Amino acid sequence: MKIYDLHCDVLYKLGKAENPIPFEDSPLLQANKKALVAGEIALQVFAVFVSEGFPKEKQFMEAIRQIEFFHTEIVGKHENVVAIYKWEQLEKLEKGQIGAVLSLEGLDMIDGDIQKLKLLLSHGVKLVGLTWNGANEVADGASENSGTGLTSFGDEVVSLLNEQNIIIDVSHLSEKSFWDVLPKAKWLMASHSNARAICDSARNLTDDQIKALVDKKSPIHVVYYPQFINNSKKPVEIQDLVKHVDHIASLGGKHLIGLGSDFDGIGEFVLGLEDASKTQNLVEQLLNSYSTKEVEGFTSQNFGRFVKQISKEE
């Protein structure tokens, strides 16, 4: 069953490596090309992420460097990995091809400069998270408790993203930022978050947030990181992740659920879901509780319907 995975951190790993890492089959990458093929991944979103510890004056150029890796190492060296610049391309992918999408995970690297954001977007970015876990010039992140929420500059950023039909990703926002962004964003989703009612983490969504995303018809993609699935037991099993799917579905979100692995951004793993090649293990577990049509929705079709709406305005 084909999979659309809305988040991985391969570019971050390529960027921080002292020696070149081959995307083709490196065991250092949980979402290398070989693993994506084995897991039947038909769409992979590659996040540009510059860590908070990176020197501020070098963050923007590091983001550019990761984008260059996307074009040269991910797409440029693999004929069957196709860069997606317009969502309508998804439906035109041939069997065996993998769609590759650029996203930004946090906007610390633009340092309050809208022109820097425009330059990054010009490279084909389709999805933008305003923050990582801390605060920046745009908004507060999930671990920030200042109560600032979305800033006036953040309003400017949201307007630009709306104009360009870029999806705004709420997965790393603080609750205040989430509620500030919700009514202003044209296209909105959570690319890799679970249900806080099942696992109490600031990175997970409250029931009210889930219901608000459902009301806005915004996708909610579950994440494979054990600390966001069940932080009170080890090992975490695939069925523990399915409980988050169940909970989101119970709140009316069945038609919006998708997957966002966070591979290469995590160092702990769900048993049986250690890299992208194991993704069909999750599919098999979901099929124990849901119909084939419902699971096809979770794995690709729910997100496919969402971006079909966007493609009409691109």
Problem - Spatially near lysine pairs across region 61-164, Cα under 21 Å, sequence gap of 8 or more or different chains - result: 9
Completion exercise
Neighbours of Gly39 by Cβ distance under 9 Å: Lys/Arg at +1, Asp/Glu at -1, summed charge -2
Completion exercise
Farthest towards the positive end of the dipole of the chain, among Asn80, Leu119, Ser311 and with Cβ unit charges of +1 on Lys and Arg and -1 on Asp and Glu, lies the Cα of Ser311
Practice task
Using 0.36 nm per residue of separation minus the Cα-Cα distance, give me the extension gain between Gln115 and Glu284 in nm, one decimal.
Solution key: 56.3 nm
Fill in the blank from the handout: The answer for the net charge of residues other than Leu29 whose Cβ lies under 10 angstrom from its Cβ, with Lys and Arg +1 and Asp and Glu -1, is -2
Exercise for the section: Give the peptides 95-106, 46-57 in descending order of average Cβ contacts within 10 Å, highest first. Expected result: 95-106, 46-57
Practice task
Return the whole-Å distance between the Cα centroid of region 195-272 and the Cα centroid of region 107-161.
Solution key: 24
Completion exercise
In Å³ per residue, the alpha-carbon convex hull of region 202-314 encloses 120
Practice task
Determine the dipole magnitude for the chain: charges of +1 sit on the beta-carbon of Lys and Arg, -1 on that of Asp and Glu, nothing else is charged, the reference point is the Cα centre, and the result goes in debye to the nearest 20.
Solution key: 680
Problem - Estimated inter-spin distance, Lys186 and Asp215, nm [label 7 Å along Cα→Cβ] - result: 2.3
Practice task
Determine the calculated [θ] at 222 nm for the chain from helices alone, applying -39500 (n - 2.57) to every DSSP H run no shorter than 4 residues and normalising by the residue count; nearest 500 deg cm²/dmol.
Solution key: -8500 deg cm²/dmol
Handout entry: Rule-of-thumb Rg ratio for the chain [Cα; 2.2 N^0.38 Å; N residues]
Key = 0.91
Problem - Fluctuation leader among Met189, Met109, Met61 - the chain, Gaussian network, Cα springs under 10 angstrom - result: Met61
Handout entry: Ranked packing of 122-129, 78-85, most packed first, by mean Cβ within 10 Å
Key = 122-129, 78-85
Exercise for the section: Take the Cα pairs of region 128-204, get the Kirkwood Rh, then feed it into Stokes-Einstein at 25 °C and 0.890 mPa s and tell me D in µm²/s. Expected result: 201
Problem - Candidates Lys278, Lys92, Lys243, ranked by Gaussian network fluctuation over the chain, Cα under 10 Å, top entry - result: Lys92
Fill in the blank from the handout: So Gln89 and Ser146, fully extended at 0.36 nm per residue minus their Cα-Cα distance, gain in nm 16.4 nm
Problem - Ordering of 200-209, 260-269, 164-173 by packing [mean C-beta count within 10 Å, highest first] - result: 164-173, 260-269, 200-209
Practice task
Please count, across region 188-252, the pairs of lysine residues with Cα atoms under 25 Å apart that sit 8 or more places apart or on different chains.
Solution key: 5
Exercise for the section: Give me the Debye-computed log₁₀ of I(q)/I(0) at q = 0.15, 0.29 Å⁻¹ for region 204-268, equal point scatterers on Cα only, no solvent, two decimals. Expected result: -0.47, -1.29
Fill in the blank from the handout: Between Ser122 and Glu237, Cβ-based FRET efficiency (R0 41 Å, step 0.05) works out to 0.45
Handout entry: Kirkwood-based shape ratio for region 1-132, expressed as Rg/Rh from alpha carbons
Key = 0.96
Handout entry: Residues listed by number, region 123-143, amide nitrogen under 19 Å from Leu160 label point at 7 Å toward C-beta
Key = 123-132, 135-141
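None of the figures in this text is laboratory data; all of them are computed from the coordinates on show. A quick note: this is a predicted structure, and the numbers were derived from the prediction, not measured. Glycine also receives a Cβ, built like all others from the backbone with ideal geometry; neighbour counts cover every protein chain displayed.
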